[in-house]
Amino acid sequence: MAERKEKRASDPVRVAQNFISREGKPKFRRFLKLLAENVSGEQIAREFGVSRERVRQWKNSFGSVVQTYAVSPQIKRLAR
């Protein structure tokens, strides 16, 4: 019997497609913009009428948090 690859709800593309079909592409773009601007999950949740947990789930599905360390300009000058 051939195995079928099933798409789970946690598939990021599927989650994004579900978001778009429920909320529309403009809201999807808005959500991604808010994430890029580091708007808090609480503020996003209020705007979209969902829980902070749902925002966290969407955020984790659509990408990953990348943190960088920025050395202050004064310290960079000392290193020259």
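Starting from residues that are β-branched (V, I, T) and assigned to a helix (DSSP H, G or I), keep the ones in region 40-57 and report whichever is nearest to P12 (Cα to Cα).
V55
Would you mention how many residues in region 57-78 are aliphatic (A, V, I, L, M) and more than 30 Å from A45 (Cα to Cα)? Before you say what the answer is, go through the steps one by one.
Taking region 57-78 and keeping what is aliphatic (A, V, I, L, M), we get 65-66, 70-71, 75, 78.
So of that shortlist, the ones also more than 30 Å from A45 (Cα to Cα) come out as 71, 75, 78.
Residues in region 57-78 being aliphatic (A, V, I, L, M) and more than 30 Å from A45 (Cα to Cα): 3 in total.
Among the polar types (S, T, N, Q) and modelled with pLDDT under 95: does that describe Q74?
The answer is yes for Q74.
The values are calculated or read from the model by the stated rules, or taken from the named source; none is laboratory data. Because the structure is predicted, anything quoted here is derived from the model rather than measured.
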